[in-house]
Amino acid sequence: MTTPTLRVSNLEASYGQIDVLRGLNFEVGEGEVVVVLGANGSGKTTTLRSICNMPIVDSSGTIEVDGVDVSNADTGSIVARGLAHVPQGRGTFPELSTYDNLMIGAYVRKDRKAIEEDITRWFDMFPVLKERRNQTAGSLSGGEQQMLAVSRALMSRPKLLLLDEPSLGLAPIIIENLFDTFSRLNSEEGVTMLIVEQNANLALNIADRGYVLEAGEIALAGDAEKLKNDPAVQEAYLGA
């Protein structure tokens, strides 16, 4: 049996005295797109923060990347192990240029020539960023900032890209184009993704599998097509 890129076992998390996650178990296989659905407050963002061992979250359980336990590793070591996190709200460095933001994404690497090649690669994927290479990130539109955040994360050549609510605050046409790009990144570049998202319809259209969180627990899991046809998912997330 192939070792999954990410395996999460008995993940629990809290903010102080407030329990958020209650014993989550899930995995993401190499080359998969897996989506985590759920209403506000269900624990989606906390799940990604816990995987990256961000200090704002008190968490326990086991996080394995390619079979290696990284549960007690610091966030920087987890990034070096092959995870890249695109946080909710983009999280670009607004005073720095588009180009400099991409360079920061490659801080764990030393291969300068390959870094420049990757910048060219993502400029080709997102042509508008090439046009804006010398503009500050804060001057970009919301959609352009999201493209930059994704490209910056990809500069570390991650094994797994974690995306937290990538559609948040964007116009419908920008969201559709962005998810088309995610699909291309997966099919053409082989990028493995774990996407936390409220826009269930778009997310399930590009996903292989999905999980539905309710009150910090996995309420449903299955193939994307199965979840799209589940009456409970249709009623709660697809407007059926």
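The values are calculated or read from the model by the stated rules, or taken from the named source; none is laboratory data. These numbers come from a predicted model, not from an experiment. FYI the Cβ positions are ideal-geometry reconstructions off the backbone, even for glycines, and counts take in every protein chain you see. Calculation scope for accessible area: heavy atoms of the full protein, side chains included, ligands and nucleic acids excluded. Shrake-Rupley method; radii C 1.70, N 1.55, O 1.52, S 1.80 Å.
Computed values, structure above
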{"quantity": "Enumeration of residues in the stretch 70-94 that are open to solvent by 50 Å² or more (accessible area, probe 1.4 Å) and touching a strand residue (DSSP E or B) at 6+ places or on another chain (Cβ under 6 Å)", "calculated": "R81, Q88"}
{"quantity": "Positions within the stretch 173-197 being within 23 Å of G89 (Cβ to Cβ), open to solvent by 80 Å² or more (accessible area, probe 1.4 Å) and within 16 Å of the chain's Cα centre (by Cα), in sequence order", "calculated": "D180"}
{"quantity": "Enumeration of residues in the stretch 40-54 that are open to solvent by 50 Å² or more (accessible area, probe 1.4 Å) and either among the aromatic types (F, W, Y) or more than 21 Å from S156 (Cα to Cα) (or both)", "calculated": "N40, G41"}
{"quantity": "Checklist (1) charged (D, E, K, R); (2) touching a residue at least 60 places away in the same chain (Cβ under 8 Å); (3) part of a loop (DSSP other than H, G, I, E, B) applied to R133, failing item", "calculated": "(2)"}
{"quantity": "Hits in the stretch 2-27 - residues which are at negative phi, open to solvent by 30 Å² or more (accessible area, probe 1.4 Å) and either modelled with pLDDT of 95 or more or not in a strand (DSSP E or B) (or both)", "calculated": "T2, T3, R7, S9, Q17, N25, E27"}
{"quantity": "Odd one out for S183, checked against (1) part of a helix (DSSP H, G or I); (2) touching a Cys at 6+ places or on another chain (Cβ under 8 Å)", "calculated": "(2)"}
{"quantity": "Some residue of the stretch 216-238 being over 22 Å from L154 (Cα atoms), open to solvent by less than 70 Å² (accessible area, probe 1.4 Å), touching a residue at least 24 places away in the same chain (Cβ under 8 Å) and part of a strand (DSSP E or B)", "calculated": "yes"}
{"quantity": "Cβ-Cβ under 6 Å pairs, at least 6 apart or on other chains, the stretch 138-160 side on the phi > 0 side of the Ramachandran plot and open to solvent by less than 40 Å² (accessible area, probe 1.4 Å), far side among the polar types (S, T, N, Q) and in a helix (DSSP H, G or I)", "calculated": "none"}
{"quantity": "Single residue of D100, D58, D66 found to be of a type in the set (D, E, K, R) and under 23 Å from S14 (Cβ atoms)", "calculated": "D58"}
{"quantity": "Out of L170, L162, sole residue that is outside any helix (DSSP H, G or I) and at pLDDT 95 or above", "calculated": "L162"}
{"quantity": "Residue count, the stretch 28-73 (criterion: more than 14 Å from the chain's Cα centre (by Cα) and not in a loop (DSSP other than H, G, I, E, B))", "calculated": "11"}
{"quantity": "Boolean, D100 is open to solvent by less than 10 Å² (accessible area, probe 1.4 Å), among the charged types (D, E, K, R), without any contact (Cβ under 8 Å) to a residue 60 or more places away in the chain and outside any loop (DSSP other than H, G, I, E, B)", "calculated": "no"}
